[in-house]
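Below is one structure; the comments refer to it alone.
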Amino acid sequence: MAASSLPASRSGLFADPREDWLSLRKEEILDPSRPIVDPHHHLWDRGGQRYLIEELAADIASGHNIVATVYVEARSMYRAGGPEAMRPVGEVEFAGGAAAMSASGGYGTAAMCAGIVGHANLLLGEGARDVLEAETAAGNGRFRGIRHSSPWDADPDVAGMYALRPKGLLLDPAFRRGFACLAPLGLSFDSWLFHPQIGELADLARAFPDTRIVLDHCGGPIGVGSYAGRREEIFKGWKASIEDIAKCPNVAVKLGGLAMRLLGYDFHERPMPPSSEDLAAAWRPYIETCIEAFGPDRAMFESNFPPDKGQCSYQVIFNAFKRIAAPYSESEKIALFSTTAADVYRLKLA
């Protein structure tokens, strides 16, 4: 990825990856043979940043045994013309092209973009169905669902690029009419939000018990802006929300997204990149809380690359996860690193 001279991306939520800085930290791969399904990464080429299949393949080749990945929407490669509602279909086509490139075997053995999570504007209500059907066709058997991001916070230092998004999106009647289109088509919903909104997602999950929902990035715990310096207080409220939404059997959680600036750690500002021990110590309370609440069969480790690459390399992030998972049984580790993701996204592993 092209290096940036800016400390943070335009989103305001994560630091820009710097290959020269990341290269200062090399680690021996822990448990190198363990199969891993990475259920959350993006591909993009914009704003001076490039993270496409070549960059993903290079990260995957750094040592961990990645067997498959899931592409998650990032507003990449939308169609430039045609009806606005249908423009996100271009992203599914783009991810499908990367999947076809991966399937050629020319980029390593991992099945990259084996599952695709796109975007459809659910505020279209019943009209979202046409978009979802078009994306299903474009996905050539890989399309699994959508993400309609809903982060909102009154503090612009927290909201970043989401400052102009609507408050209470998940409660909007039109949004819910669009959401109702997912289950009949066998599609899931990835949810990216900030932790004060977890209760709104829990309400949505209870209203649509037949729709598979995936809570991204441990529910988006905040540690910046007006939330900074209140980690213990914020953690208690976040934990209560996690324990509540985990009572919804149709919700799973992704364990990651914690290397963004959002959590409030300054790893990206240090002279040396953090070690996996550093990250495991910082993240363990959040990840263990999620695993305890959801159980390994509804929890999965994610890279969230390239956003999380702003603070650590692919080697280091999965080493950190393996350190956190060390106390768990072998069957629990298998679930956390591969089978939960494969089940949620209906992937066929070799």
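Miscellaneous remarks
- Cβ-Cβ under 6 Å pairs, at least 6 apart or on other chains, region 236-256 side closer than 11 Å to His195 by Cα, far side aliphatic (A, V, I, L, M) and at pLDDT 95 or above: Ser241/Ile198; Ile242/Ala293
- Only residues that are under 15 Å from Ser275 (Cβ atoms) and at pLDDT below 95 were counted in region 293-349, giving 0.
- Selection of first residues in region 264-287 that are within 21 Å of Phe194 (Cβ to Cβ) and of second residues that are open to solvent by 10 Å² or more (accessible area, probe 1.4 Å) and not small (Gly, Ala, Ser), restricted to Cβ pairs under 6 Å at least 6 apart or on distinct chains, gives the following pairs, ordered by first then second residue: Gly264/Val224; Ala282/Tyr265.
- Spans of helices (runs of 4 or more DSSP H) in region 1-115 with at least 3 residues under 24 Å from Phe301 (Cβ atoms) and touching a residue at least 24 places away in the same chain (Cβ under 8 Å): 53-60, 89-103
- Among residues that are among the acidic types (Asp, Glu) and closer than 17 Å to Phe179 by Cβ, Glu91 is not included.
- Selected residue (only one of Phe175, Phe189 is assigned to a helix (DSSP H, G or I) and of a type in the set (Phe, Trp, Tyr)): Phe175
- Among the residues of region 155-166, some residue qualifies, meaning at least one is modelled with pLDDT under 95, open to solvent by 10 Å² or more (accessible area, probe 1.4 Å), part of a helix (DSSP H, G or I) and among the charged types (D, E, K, R).
- In the set Ala228, Ala180, Ala205, only one residue is under 16 Å from Leu263 (Cα atoms) and of a type in the set (A, V, I, L, M, F, W, C); that residue is Ala228.
- Residues that are buried (at least 18 other Cβ atoms within 10 Å of the Cβ) and more than 29 Å from Leu169 (Cα to Cα), drawn from region 96-123: Ala98, Ala99, Ser102, Tyr107, Ala110, Ala111, Met112, Ala114
- Leu187 fulfils the conditions (1) crowded, with 18+ Cβ neighbours inside 10 Å; (2) over 19 Å from Ala85 (Cα atoms); (3) of a type in the set (A, V, I, L, M) except for a single criterion, (2).
- Filtered residue count, region 143-154, keeping only those that are open to solvent by less than 60 Å² (accessible area, probe 1.4 Å) and either of a type in the set (A, V, I, L, M) or in a loop (DSSP other than H, G, I, E, B) (or both): 6
- Options Gly125, Gly47; residue that is of a type outside the set (Phe, Trp, Tyr), at pLDDT below 95 and at positive phi: Gly47
The values are calculated or read from the model by the stated rules, or taken from the named source; none is laboratory data. Here the structure is a predicted model, which is why all the values come from computation and not from measurement. Please note: Cβ atoms are built from the backbone with ideal geometry, for glycine as well, and neighbour counts cover all protein chains shown. The area values use the complete protein model at the heavy-atom level, side chains included, leaving out ligands, DNA and RNA. Shrake-Rupley method; radii C 1.70, N 1.55, O 1.52, S 1.80 Å.
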